[in-house]
Amino acid sequence: MDRTSTTSPSPAAEPLIGASRPGAEWWRTAVIYQIYPRSFADASGDGIGDLPGITSRLDDLVSLGVDAVWLSPFYPSPQNDAGYDVADYCDVDPLFGTLADFDALLAGAHDRGIRMIVDLVPNHSSDQHAWFQAALAAAPGSPERGRYMFQDGRGASGELPPNNWESVFGGPAWTRVPPASREDNGQWYLHLFDSTQPDFDWSNPEVHEEFRRILRFWLDRGVDGFRVDVAHGLVKTDGLPDHLPDRDAVSLGGHDEAPYWGQEGVHDIYRDWHRVLAEYDGDRALCAEAWLPTVDRTAEWVRPDEMHQAFNFPYLMTQWRASAVRDVISESLRAFPAVGAPATWVLSNHDVVRHASRLALTAESPQGHGIGPGSPGRPIAAVGLRRARAATAVMLALPGSAYLYQGEELGLPEVVELPDEVRRDPTWFRTDGARYGRDGCRVPIPWTADAPAYGFSPTGAAWLPQPAEWAALSRSAQEEDPESTLWLYRTLLAVRRAEGLGAGALAWIDGYGADAIAFRNGHVTVIANAGTAPVALPAGTVLASSGPLTGAELPVDTAVWLVAD
Ligand code: BGC
């Protein structure tokens with residue numbers, strides 16, 4: 001361990017905030033690692049990751065030190081939105097394996113003390129779902145159509161969509177279907193996302209019943225909970241009034257008060273699901289993917305009888321500016337505990353520009369829009385990685401639960417140079433290439449520097465090409481380097497666990513200047529320098545540092561964890 005000795009001001013502690021309740025359930029403090037199955041590890045060699053591939057890598061998750069895994073969708077799907085277009089909620093897509101492979105993966109995780117939550121996609125299904133196929137074959141007004149949002153069009157012969165809503169991925173949110181009979185002139189169905197993702201009608205009790213069945217199917221198999229996709233979107237305002245999204249809003253909600261985001265009725269759905277989970281032992285949990293304008297609004301999803309966690313997207317969207325980071329942390333540690341929930345923290349996922357690139361962007365890159373060869377303000381890789389390591393060191397010292405996205409422990413950047421022809425994100429197609437979308441954060445993981453596809457698959461196949469520079473970022477290369485991002489994550493996670501930081505409380509510390517993020521959690525002092533000049537360090541033993549320290553100074557874009565001597 002390094003030792004620093006300086007004489008900087010003795011900082012005054014402020015009151016503790018965000019203390020977790022005693023008797024905490026696992027999800028209150030857990031570090032949860034997101035696996036995006038198609039890009040994690042491919043055992044079959046077809047270039048698409050699969051469940052046996054994940055099972056073969058569970059020991060790597062143990063050595064990383066995470067508590068739980070969130071598995072993005074692996075259900076049967078035409079894969080138009082990488083599995084977020086579900087054709088059958090209670091099976092496994094042959095691309096990824098079988099139900100037996102799922103059971104083996106879950107058992108393997110549980111044997112190692114790792115919990116597993118799975119993705120649930122209740123806002124929409126695939127158009128290949130049996131219900132939607134039946135709806136297409138049935139007449140307007142039929143019970144089959146009543147499970148989705150079918151409407152007659154406007155105009156003399158219904159030739160105009162029912163309203164002006166736009167799809168999150170670009171283009172109109174309505175698609176017209178062929179007439180089912182001679183009397184019918186062709187209705188329209190709503191899809192807030194791709195046209196192959198029709199929205200369910202959550203005013204229909206049959207939809208509620210079906211999702212209770214789906215929850216029970218996976219709970220009975222032993223999953224520890226669910227990450228709920230587009231949790232803010234299920235209920236639409238009566239009458240479906242016209243609305244055009246705020247162009248400055250992030251694409252999945254942001255500060256946009258749309259008639260399809262965050263409607264009051266969604267909360268009853270989650271109260272119902274809360275009761276379903278409570279029938280099971282083992283502290284099963286629900287986590288809301290709800291893109292909302294503020295931390296306070298997000299906290300409405302985690303009131304005591306609703307979900308257990310909600311992603312803290314305001315935190316993810318915060319730029320690397322000390323005052324902004326301090327503010328969102330303070331707000332979060334006020335708002336979530338105020339309703340009895342843990343704060344959560346997240347910096348990357350499969351929908352956003354990886355934080356090793358995003359934190360060095362000069363231009364704003366709203367969620368989901370992506371960056372590519374023609375984007376302005378390319379991130380400088382070294383700056384992005386330095387900031388990402390510092391931001392992660394701040395995040396993993398915070399009380400509450402943190403989410404990691406596969407590959408961030410290797411410091412993977414967004415892949416900017418993907419050729420147009422390999423892109424798969426519907427955002428790219430629906431905007432005619434105006435938005436690059438999310439493929440750049442979904443490139444398969446490099447495991448082994450000198451293996452085909454860097455060990456992602458035994459054949460060298462990979463559904464998206466991996467950049468040549470990724471040999472140096474591979475896990476095998478980082479394994480050998482104690483200064484690597486992999487070892488930084490391992491150290492932070494080990495100290496977080498040993499010091500009980502997830503169950504701790506934060507006290508801000510003054511005395512390090514406006515550009516520092518400085519706090520204490522337990523007896524660990526955390527100082528991050530988000531400014532442009534070095535910050536003097538106090539005396540103490542360094543437990544972890546996101547980058548090299550220069551004597552008794554904390555360089556820019558660096559964070560340190562230390563304890564007083
Ligand atoms: C998921 C996305 C997906 C969308 C539609 C999201 O928020 O995280 O990956 O495209 O929902 O299901």
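Any read-out appearing in this document is the output of simple, stated calculations on the displayed coordinates, not a laboratory observation. Just so it is clear, the structure is predicted and the values come from calculations on it, not from any experiment. Neighbour counts are summed over all protein chains in view; Cβ atoms, including those assigned to glycine, are modelled from backbone coordinates with ideal geometry.
How long, wide and thick is the stretch 237-394, going by the Cα atoms along their three principal axes, in whole angstroms, largest first?
Between the extreme Cα coordinates on each principal axis of the stretch 237-394 lie 49, 41, 26 Å.
Let's test this: bin the Cα-Cα distances of the stretch 99-216 at 5 Å from zero up to the farthest pair and state each bin's percent.
Going from the shortest bin to the longest, the percentages are 2, 11, 17, 19, 15, 11, 8, 6, 5, 3, 2, 1, 0.
Output wanted: per-residue J couplings in Hz (rounded whole) for the stretch 500-517, from phi through Karplus 6.51 cos²θ - 1.76 cosθ + 1.60, θ = phi - 60°, x for Gly and Pro.
Per residue, the Karplus-derived 3J(HN,Hα) values read x, 5, x, 9, x, 9, 9, 10, 5, 10, 9, x, 10, x, 5, 8, 9, 10 Hz.
Counting only DSSP beta bridges with both residues in the chain, what percent are antiparallel, rounded to the nearest 5? Don't skip to the end; give the middle numbers.
Details: 34 of 59 bridges.
The answer is about 60 percent antiparallel.
From the phi angles alone, apply the Karplus equation (6.51, -1.76, 1.60; θ = phi - 60°) to the stretch 287-292 and give each ³J(HN,Hα) in whole Hz, x where the residue is Gly or Pro.
The phi angles translate into 10, 8, 8, 10, 7, 10 Hz.
Between ALA278 and ARG112, how many nm apart are label points set 7 Å from Cα along the C-beta direction?
3.4 nm
Ordered by residue, what ³J(HN,Hα) values in Hz, to whole numbers, does the stretch 87-99 give under the Karplus form 6.51 cos²θ - 1.76 cosθ + 1.60, where θ = phi - 60° and Gly and Pro are x?
Using θ = phi - 60°, the values come out as 9, 8, 6, 10, 7, 10, 5, x, 4, 9, x, 10, 4 Hz.
Please tell me the relative contact order of the stretch 505-564 in percent, rounded to the nearest whole number, where contacts are Cα pairs under 8 Å and at least six residues apart.
Computed over the stretch 505-564, the figure is 32 percent.
Would you mind working out the magnitude of the charge dipole of the chain relative to its Cα centre, with +1 at each Lys and Arg C-beta and -1 at each Asp and Glu C-beta, to the nearest 20 Debye? Don't skip to the end; give the middle numbers.
Values: 44 positive and 76 negative charges, 227 e Å.
Here the chain has a charge dipole of around 1080 debye.
Gain in length, ASP103 to ASP59, computed as 0.36 nm per residue apart minus the alpha-carbon separation, to one decimal in nm?
Working: separation 44, 0.36 × 44 = 15.84 nm, distance 1.70 nm.
Length gained between ASP103 and ASP59: 14.1 nm.
Amide H to amide H, which residues 5 or more places from THR175 or on other chains are under 5 Å from it, using H placed in the peptide plane?
TYR189, HIS191
Write down the radius of gyration of the stretch 505-564 and its Dmax, each obtained from C-alpha positions, in Å.
10.3, 29
Hey, what did the chain get for relative contact order, percent, Cα under 8 Å, at least 6 apart? Mind showing how you got there, number by number?
Numbers: 1308 pairs, mean separation 101.2, N = 565.
Here the relative contact order equals 18 percent.
Assuming 0.890 mPa s and 25 °C, estimate D for the chain with Stokes-Einstein, Rh taken as the Kirkwood radius over Cα pairs, in µm²/s. Display every interim value, and only then the final one.
On the way: Rh = 24.3 Å.
Translational diffusion coefficient: 101 µm²/s.
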